[in-house]
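Visitor: Before anything else, here's the structure in question.
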Amino acid sequence: MQPVKIAVLISGGGTNMQALMDAADRKELNIDICLVISSRKNAYGIKRAEARGIKVKCLSEAGQLEETMEDAMLQWLKEEAIELVVLAGFVKKVPESVVRAYQNRMINVHPSLIPAFSGPGYYGKKVHQAVQRRGVKLTGATVHFVNEGMDEGPIILQEAVALTGTETLETIAEKVLKVEHQLLPEAVHLFVNKQLTVKDGRVIIQEEGMKYDKKGTDQYFR
């Protein structure tokens, strides 16, 4: 079976993108990351992509007008025949025309248990700052399909991270990022394996070929 062509959208270090690369190297994911789009021209994730010989595009190349960025993104994705778009630490809102073109073919990883600490203004460290400020005892990560709203698309996978209330901001971020690195490749695997169905705004996971982990939170594994 031909690998699924993927575009990864980044804004920073690209560690979630690296997790996908590593999973592909281990033959756990049948994917070809053939395009990286960065919202920042100095994002470290660009170096990760270039080291792999992956084509990189920066939104600064598209100009400042939103319409121009929409046209550029759609053209870049079309040129590479992209089948799945993955937002991996991408801090800009994806233009609605792009979202519509990739309905149920665009996923995002968010550093909280949606709907908690999500929506406008909640991204990156701002999420963890809010978590620390409220002293919640459970945070986590969510992978979801992207729709026209902000962090409002159908949820694919979630995993909780327990907190005591004494963790530093850095410790919270590290714990959640570790879960993101596990959850995002698994969600991509489910998509590639055609095990995801969206019905009435909810994601149904086909269990064929999967096993259920009864020891922890609800998760699916190969």
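For (1) surrounded by fewer than 21 Cβ atoms within 10 Å (Cβ to Cβ); (2) without any contact (Cβ under 8 Å) to a residue 60 or more places away in the chain; (3) in a strand (DSSP E or B), each residue gets a yes or a no:
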| position | (1), (2), (3) |
| --- | --- |
| Gln2 | yes, yes, no |
| Ile6 | no, no, yes |
| Leu20 | no, no, no |
| Lys41 | yes, yes, no |
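Visitor: With the structure loaded, tell me whether Val85 is within 23 Å of Val4 (Cα to Cα), in the same structural domain as Lys194 (by TED's automatic domain parsing), part of a strand (DSSP E or B) and β-branched (Val, Ile, Thr) or whether it fails that test.
Guide: No: the conditions fail for Val85.
Visitor: Assuming Val85 fulfils every condition listed in (1) free of Cβ contacts under 8 Å to residues at least 40 places away in the same chain; (2) of a type in the set (Val, Ile, Thr); (3) under 20 Å from Thr15 (Cβ atoms); (4) surrounded by 14 or more Cβ atoms within 10 Å (Cβ to Cβ) apart from one, which condition is it?
Guide: (1)
Visitor: Then there is this: Could you tell me how many of the residues in region 168-200 are farther than 16 Å from Thr142 by Cβ and either buried (at least 19 other Cβ atoms within 10 Å of the Cβ) or of a type in the set (A, V, I, L, M, F, W, C) (or both)? So that I can check it myself, show each step before the final result.
Guide: Within region 168-200, the first condition is being farther than 16 Å from Thr142 by Cβ, and the residues that meet it are 168-171, 174, 189, 192-195, 197, 199-200.
After this cut, where a residue has to be either buried (at least 19 other Cβ atoms within 10 Å of the Cβ) or of a type in the set (A, V, I, L, M, F, W, C) (or both) as well, the list is 169, 189, 192.
Total satisfying the criteria: 3.
Visitor: Out of all the residues in region 116-151, which are acidic (Asp, Glu) and in contact with a Pro (Cβ under 8 Å, 6 or more places away or on another chain)? Outline the logic, then answer.
Guide: Quick first cut of region 116-151, residues acidic (Asp, Glu) only: 148, 151.
Passing the criteria: only Asp151.
Visitor: Please indicate, with yes or no, whether at least one residue in region 147-163 is farther than 24 Å from Gln182 by Cα, assigned to a loop (DSSP other than H, G, I, E, B), of a type outside the set (Gly, Ala, Ser) and in contact (Cβ under 8 Å) with a residue 24 or more places away in the chain. Give the steps one after another, and end with the answer.
Guide: From region 147-163, those farther than 24 Å from Gln182 by Cα are 148-149; that's our starting set.
Narrowing the set further to residues that are assigned to a loop (DSSP other than H, G, I, E, B) leaves 148-149.
The next check asks that each one be of a type outside the set (Gly, Ala, Ser); those that pass are 148.
Then drop every residue that is not in contact (Cβ under 8 Å) with a residue 24 or more places away in the chain, which leaves 148.
Yes, region 147-163 contains a residue that is farther than 24 Å from Gln182 by Cα, assigned to a loop (DSSP other than H, G, I, E, B), of a type outside the set (Gly, Ala, Ser) and in contact (Cβ under 8 Å) with a residue 24 or more places away in the chain.
Visitor: I've got another one for you. Taking only pairs six or more apart or across chains, which ones have beta-carbon atoms under 7 Å, a first residue in region 44-68 that is at pLDDT 95 or above, and a second residue that is among the polar types (S, T, N, Q) and outside any strand (DSSP E or B)?
Guide: Listed pairs, sorted by first residue: Arg48/Gln18.
Visitor: OK, next. Let me spell it out: the conditions are (1) farther than 19 Å from Val188 by Cβ; (2) over 17 Å from the mean Cα position of the chain (by Cα); (3) at pLDDT below 95, and Val91 meets all of them except one. Which number is the exception?
Guide: Every listed condition holds for Val91 apart from (2).
The values are calculated or read from the model by the stated rules, or taken from the named source; none is laboratory data. This structure is a prediction, so every number in the text was calculated from the model and none was measured. Cβ coordinates were reconstructed from backbone atoms using ideal geometry, including for glycine residues, and neighbour counts include every protein chain displayed.
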